[in-house]
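Take a look at the structure set out below.
The values are calculated or read from the model by the stated rules, or taken from the named source; none is laboratory data. This one's a predicted model, so the numbers in the text were calculated from it and none came from an experiment. No Cβ is skipped: glycine too gets one built from the backbone with ideal geometry, and neighbour counts run over all protein chains shown. Just the protein is used for accessible areas: all its heavy atoms, side chains included, with ligands, DNA and RNA removed. Shrake-Rupley method; radii C 1.70, N 1.55, O 1.52, S 1.80 Å.
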Amino acid sequence: MVDKSKVYRVCIDDFALKKRYSYGTVMVDWDTHRIIDMIPSRESTEVSVWLSTYPNILMISRDGASEYASAGAKAHPDAVQVTDRFHLLKNLAEVVDRYIKNKFPSRVGIESHTEYSKQMQALYDTANRTQRIRYAHSKRKEGLTVQEIAYLLHAGVRTVENYLSIPEDQIPKDKDTVRERQYNETIKRKENEIKHVRQLFDEGMTVTEIACATHHSSKTIRNYLNPDFSPHNGHYDLKRRGKLTPYEQDIISMRSNGQTYTEIYEFIKSKGYIGSVAAIRMFMQKERAHAKRLGLHGGKDYIHRITLSQLVYRNLEDVKLITQDQYEALLKQYPELAALYGILRDLHRIVFSKKAEDLEHWIEQASHLDAVPELKSFVDGLKHDIFAIKNAIMFDYNNGLAEGSVTKIKLIKRIMYGRNSFALLKAKVLMHELLYANSN
C-alpha cells in the first residue's frame, strides 16, 4: 500500500476501459516513477474527490483537458499545475496541418524564376502523337531544320519527316483520356446539381425540403449553398509518394536532355531506386499529361501539398522535395502560410527556452491571424490554461511518465484479452508495479 501522506508530485492521465465509451484515470508518482492509483472515471467531480484523498500534493502534471484542470484546482488549489509540452506543440501542429489540407490543392503552384530550356519545353509540349505532330509543324515554321526538330522531340529524322508530311488540316484533334472525360463529366453534373439546389433555395425551400427533393444530405445541401464551395475534387490529380518520388526532378531533367529511359534507370538505381524501367516511362507519361492540364510552360513550379505538411513537423533541410528558393517563393506568395510556420517555430522556441514571459506576446501575435479560424480555438484554450502552460515552460516536469504508464496498462489489458473487471485490472497493475519496485 502507498502512504498517501508521502505523495507530493504526481502525473495523471486518462486511459480507455472501453474505447469511445468509458475511461479511467491513472496516477503516477513523479518521484518514484510508479503507478500508485487508478479510478474508473475521468469526470471532474470524481477525479477531484480522488485527488483530495492525497492530502500533501504540491504538483500535478496533466494534459490540457479542462476536466483535470478544474479537478486539480478544486482538490488542491495551492498545488502547481503543469500541462504537457508535447500535447501543446502537437495540437498546434495539427491545427496548421489541417489548415493546409483544407486550403491547398494536391499540387501548389508557385512563381518560378527558372528558365526552361527548349528541350524541357518540348518535353512538356509533346504528351501524345497529335501534340508531337503539331509541335513539329510549329518549329518548322520557326525555321528549325528537320534534324533540330528531331533532337527536340528525341525522335528520328524519318519520324519527323513523316510528321511534317501530314497536312495541317489533317492533324488529328487532341482527345482527353478516359479518366479526364469521366472527371469533366462529373464536374459538369455536379455544377448542374449546385445550380438546381441554389435555384430551389431562392424559390423559398428550406435546406431540409431541398435535401428530401434531391436525395442529398442536409450537409451536402449546405455545402452547395456556400458561395465558396468548389465542385472540383481536391484529390483529383493527386500523386502519392512512391519509389520514384525522390528522383522525379532527375528523371525530368535527364529526359529533357534526350537520355534514354535505360540510362535514367541506371543513374537513379545507383542513387538507391529499387523500382522498374516501366515505372519511369509511366511517370513521364503522367507528368506530361499533368503539365498539359496545368498549362506548365515555364514560369511556374509545383510543390506537393504533402511537402507543405512535412514542413510543419520537420526543418527545411530535412524535406527533400522542396528547395530553398522554392520555399522562399512559397512563403512570399502565401503570407498566411509563412505566418503559420513562423508561429510554430516561435512557440517551439518559447517552450524550450524557459522564458515564460514570451508566451503572452506569442498569444497576441497568433490572435491576429484571422485567416485560420481553427487557430482561434487553440489560442482561446491557451488563455484559459495560461498558468499551467507557463509552468510547463519554466519547470522540467512533463506528463511522459503518465503516457508511458497508459501504454503499460494497454499491454496488461491485452494479456488479459480485455476480459477483466476494473478491480482486477487495477490489482494486476499495482501488483506489477510493487514487484518491479521490490526487484530494484
Exercise. Given the stretch 1-81, what percent of its DSSP beta bridges are antiparallel, to the nearest 5?
Worked result: 70
For this session: Restricting to the chain, compute how many DSSP beta bridges are antiparallel as a %, nearest 5.
Result: 75
Seminar exercise, completed: Rounded to whole angstroms and listed largest first, the alpha-carbon spread of the stretch 394-440 along its three principal axes comes to 43, 23, 16
Seminar exercise, completed: Once all protein chains are kept in place, Met431 shows an accessible area at probe 1.4 Å, nearest 10 Å², of 100
Problem set entry | Mean projected area (nm²) of the alpha-carbon convex hull when the stretch 301-427 is viewed from all directions | 12.1
Problem set entry | Cα lying deepest toward the dipole's positive end in the chain, options Asn184, Val197, Tyr327, charges on Cβ | Asn184
Exercise. How much space per residue, in cubic angstrom, does the convex hull of the C-alpha atoms of the chain take up?
Worked result: 239
For this session: Could you state the accessible area per residue of the chain in Å², with a 1.4 Å probe and every protein chain left in place?
Result: 58
Exercise. At a 1.4 Å probe, what is the % contribution of carbon and sulfur to the accessible area of the chain?
Worked result: 52
Exercise. Going down the list Lys19/Lys408; Lys141/Lys188; Lys74/Lys428; Lys90/Lys390, which pairs span over 27 Å between their C-alpha atoms?
Worked result: Lys141/Lys188; Lys74/Lys428
Exercise. Which whole-number percent is the relative contact order of the chain (Cα, under 8 Å, 6+ apart)?
Worked result: 24
For this session: Grab the alpha carbons of the stretch 3-76, take their convex hull, and tell me the volume per residue in Å³.
Result: 82
For this session: Note down the magnitude of the dipole of the chain about its Cα centre, charges +1 on Lys and Arg C-beta and -1 on Asp and Glu C-beta and zero elsewhere, to the nearest 20 debye.
Result: 1760
